[in-house]
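See below for the structure under consideration.
FYI, it's all coordinate maths here, none of it is from the lab. Computed from a predicted model, the values in this text were never measured in an experiment. All Cβ positions, even for glycine, are placed from backbone atoms using ideal geometry, and neighbour counts span all protein chains on display.
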Amino acid sequence: MRSSSDINTNTPLIRSPRAHWIQWAENLHRYELDGIASWLLDGGRPLGILFAQVLYMGRPFLGETADELASTLESDDEARAFASFLDGRNAL
């Protein structure tokens, strides 16, 4: 068992892109884009990978959230899981 003294507090926490899923889903729902986003994530895999590369190139200008979205789009499993999350089929 680890004690509190074994934990390195200087190491930044690694956050999963899933940490932003609720915020992304709320934004998509606000603009009524959640249905089309889910549809594109399910059926538009080649476009998702291409869009992920565009987001990676724009990383210095777009920030951390764009990097995490690119990571989600690049992974087939993550993209399908986020599409399911948008459809309400699965939780985090």
For this session: Extending each Cα 7 Å along its Cβ direction at LEU47 and TYR31, get the distance between those two points in nm, one decimal.
Result: 1.5
For this session: Go ahead and run the numbers for FRET between LEU62 and ASP87, Cβ-Cβ distance against an R0 of 30 Å, rounding to 0.05.
Result: 0.70
Exercise. Among 60-68, 34-42, 78-86, 20-28, how do they line up from the highest to the lowest mean number of other beta-carbon atoms within 10 Å?
Worked result: 78-86, 34-42, 20-28, 60-68
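Do me a favour and compute the ellipsoid semi-axes for region 17-87 from its Cα gyration tensor, root of five times each eigenvalue, largest one first, whole Å. Don't skip to the answer; put the middle values down first.
Values: eigenvalues 63, 41, 23 Å².
Equivalent ellipsoid of region 17-87: 18, 14, 11 Å, largest first.
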